[in-house]
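The values are calculated or read from the model by the stated rules, or taken from the named source; none is laboratory data. Note that the structure is predicted; figures quoted are calculated from it, not measured. Here the Cβ positions follow ideal geometry from the backbone for every residue, glycine too, while neighbour counts run over all protein chains shown. All accessible areas refer to the heavy atoms of the entire protein, side chains included, with ligands and DNA or RNA removed. Shrake-Rupley method; radii C 1.70, N 1.55, O 1.52, S 1.80 Å.
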Amino acid sequence: MKPPPPAEIRAEDELAAADVRVMLTAPSRTALLENLGITDQDASDLLPLLDAAAADEEVLAEVTATANRLRAAAGLEVPEVDLAAEKDRHDGLQQRLAPGEGLVAILALLVSTSTVRAWHDARGLTREQSWEVLADLGQQMRVHRAGTGRLGLHQLNWMSMNWAGRLVHLGRLQFDLHRQRVALLAGTGSTPSADGSAPAPDGPRGPADGPVAPAAGPAPSADDSRRWVLGTHIPARGPLDPAEVDASFDAATAYFAEHYTELGAGRGVEEPAFGHEFVCDSWLLSDQLAEITGEGSNLARFAARWEMLERSRMDDGALFFVFGRRPPVDVAALPRTSRLERGVAERLEDGRGWTGGLGRLMR
């Protein structure tokens, strides 16, 4: 009988600065960048900075310390590394090598994949699937470049959640494992305020959904029961073809039901089977999309799939994921080359803003 998979995997050792120096300068680094989705101009800009970081003792020491935190453990209950808390200090240190933001985190992520890849293997992902999950690093660097024109990384805690092992990429969509309040899933968890805002959700918010900053949500209490759900995220990889979306949901149900069977144990008869309940907290879950792009558009059809649990103002999320910009911006100067850009820009400019929210989907 096959033994159950572990609940977590922990690194058996720590990297020394000399180990990280070898990894940053080894001939294999080019293949590593490719595996992590770092290509084109990002790869060209990053390669000389690997050598510069390896030669700077202070930068190398910080990269090593951060990498050891990231690779310490991966699993269901492993706390995520709060990279955002170190942002200002790391970005100040980065100026020794290059202007911008996110370089220390990028370098630490590069050399800390061993533990999360071992977790992926224990939970049934192939080598190719594992690298596809981790290649979201390159995707987030491309998003950063699109908005700033330079090498860097904004989505720090999104990446640390990924390195903790709770993200899977299956076809068109990404899925993360997290607990959600049962009362909220039943539609009785909270009431949005008069201005359309709502309490912070429990799960992580991804790079194509929700406000830019992740939200941890309130801590569980004795009368605040929660269950495992599949968070849904939409990477910026072309159209949201309905058939591809359906295939991703089907693949997620099949994968998680097989490889995380323990998360379905102990559920009441009225609770949905694990792997069949999805949530999505996104600026894309908006009925404004049907007005802007038409009810038959892929975006509007995706939004219409979800039963809305909460609605909230997501101006910053729409600004970032449509235009690649962060406040403060001159809204009047935003590009308006498509129906989506025009519709979002007009709402941000005239004060209507953008309303998204948290939705639930059963399959």
**OP:** Between 304, 31, 105, find the one with the highest GNM mean-square fluctuation for the chain; connect C-alpha pairs within less than 10 Å.
**Re:** 31
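Ignoring ligands, DNA and RNA, what percent of the accessible area of the chain is carbon or sulfur (1.4 Å)? Don't skip to the end; give the middle numbers.
Numbers: 8120 of 15530 Å².
Here carbon and sulfur together make up 52 percent of the probe-accessible area.
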Subject >> Gain on full stretching of the segment that runs from residue 127 to residue 362 - 0.36 nm per residue minus C-alpha separation >> reply: 81.6 nm
Subject >> Solvent-accessible area per residue for the range 102-159 (1.4 angstrom probe, square angstrom) >> reply: 28 Å²
Original post:
When the chain is modelled as a GNM with alpha-carbon springs shorter than 10 Å, which of 176, 19, 250 fluctuates the most?
Top reply: 19
Original post:
What percent does the relative contact order of the range 257-341 come to when contacts are Cα pairs within less than 8 Å and at least six residues apart?
Top reply: 20 percent
**OP:** Quick one, could you list the DSSP H helices from the chain stretching 20 Å or more along their long axis (Cα atoms) with average Kyte-Doolittle hydropathy of 0.0 or above?
**Re:** 40-55
Subject >> Longest DSSP-loop-exposure-free segment, GluC sites (Glu not before Pro), the chain, at most 14 other Cβ within 10 Å >> reply: 78-269
Original post:
Exactly which trypsin sites (Lys or Arg not before Pro) in the range 79-110 are in a DSSP loop and have at most 14 other Cβ atoms within 10 Å?
Top reply: 96
**OP:** Quickly rank 227-239, 321-333 as a protection proxy: mean count of other C-beta atoms within 10 Å, highest first.
**Re:** 227-239, 321-333
Original post:
In nm, to one decimal, how far is the residue 329 label point from the residue 254 one, both placed 7 Å along Cα→Cβ?
Top reply: 3.9 nm
Original post:
Which cross-chain or sequence-distant (5 or more) residues have an amide H under 5 Å from the amide H of residue 353, H modelled 1.01 Å from N in plane?
Top reply: 348
**OP:** Calculate for the chain the 222 nm mean residue ellipticity that helices alone would give, adding -39,500 (n - 2.57) per DSSP H run of length 4 or more and normalising by residue count, nearest 500 deg cm²/dmol.
**Re:** -12500 deg cm²/dmol
**OP:** First measure r as the distance between the Cβ atoms of residue 19 and residue 341, then evaluate 1/(1 + (r/R0)^6) with R0 = 51 Å and state the FRET efficiency to the nearest 0.05.
**Re:** 0.65
Original post:
How high is the FRET efficiency from residue 349 to residue 287, r the C-beta distance, R0 22 Å, rounded to 0.05?
Top reply: 0.65
Original post:
In percent, what relative contact order does the chain have, based on Cα pairs under 8 Å that are 6 or more apart in sequence?
Top reply: 15 percent
**OP:** Work out the FRET efficiency for residue 7 and residue 225 from their Cβ-Cβ distance, taking R0 = 25 Å, and round it to the nearest 0.05.
**Re:** 0.80
Original post:
In percent, how large is the relative contact order of the range 1-107, given Cα pairs closer than 8 Å and 6 or more residues apart?
Top reply: 35 percent
